Every structure is written in structure tokens, then in C-alpha cells.
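Here is the structure we will look at.
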Amino acid sequence: MRKKIQEFEDKHVKSEKPDFGIGDTVDVHFRITEGDKTRIQLFTGIVISRKGSGMREMFTVRRISYGEGVERVFPLNSPLVEKVKIKKRGDVRRAKLYYLRQRKGKKATKVREKVG
């Protein structure tokens, strides 16, 4: 049983995964279907967590929109995620950046940038 699940997952995992990490500022190009039309919507923010493995891998992106914090969880291997483009590399010491939720204003979007 476990072998069949593993074979199914291997077929559906994306072959080229984007190389981004926690603290990176990314543009997520997400396909949205409205009625019979489809379009690509851009979600820009800081990656605050990444969890799971294989086909179940997910990542959470946080941004500030009109003074409110907005978080969105994306499945990495979903066909709806067109691409993940890295805008800025972040230099952080933690695996999860949940402490950004308590920050307000400009501090909520500040992460040290990786040099080099």
C-alpha cells in the first residue's frame, strides 16, 4: 500500500522546485479561475514557514495589505502555482518567522537581507 502511494506521489511532484527559503521575499504567480476565464494573480510577501515533504510540501507567505497582515498558504506542487520568483534573499536564524505577526508597521516587513 505504501509503495503505491509513493509511486503516485513521485509522478505528481514537480520536477523543478524553486530554490527559496524562510525569510525570502517572493512573488507567487497563482492561477485563478473565475467563471470560464483564468488569470494569473500575483501574491508578494515574505516566506514565514515551509513544512511538509514530497507532494504535501506547503509554504506560507505573509504580506501587509492596507495595514492588515495577510497570510496565504500555498501547496508547492499544486498545478495552480505557476511559478515562485525570488525578489530578495532573507538572512534569518529561525525555521519559522511567526514572530512577524506581532510586529506593526514597517518592522513587520523587515528581514535582514543576505549579502553575496
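The values are calculated or read from the model by the stated rules, or taken from the named source; none is laboratory data. Since this is a predicted model, take the numbers as computed values, not measurements. Because the Cβ atoms are built from the backbone with ideal geometry, glycine has one as well, and the counts that use them run over all protein chains shown.
What to note about this one:
- Candidates R39, R62, R31: the one that is among the charged types (D, E, K, R), surrounded by 17 or more Cβ atoms within 10 Å (Cβ to Cβ) and at pLDDT 95 or above is R62.
- Listed by position, the strands (runs of 3 or more DSSP E) contained in the stretch 3-116 that have at least 2 residues being out of contact with any Pro (no Cβ under 7 Å at 6 or more places or on another chain) and in contact (Cβ under 8 Å) with a residue 60 or more places away in the chain are 25-34, 81-88.
- The residues of the stretch 69-116 that are β-branched (V, I, T), surrounded by fewer than 13 Cβ atoms within 10 Å (Cβ to Cβ) and more than 15 Å from I48 (Cβ to Cβ) amount to a single one, V115.
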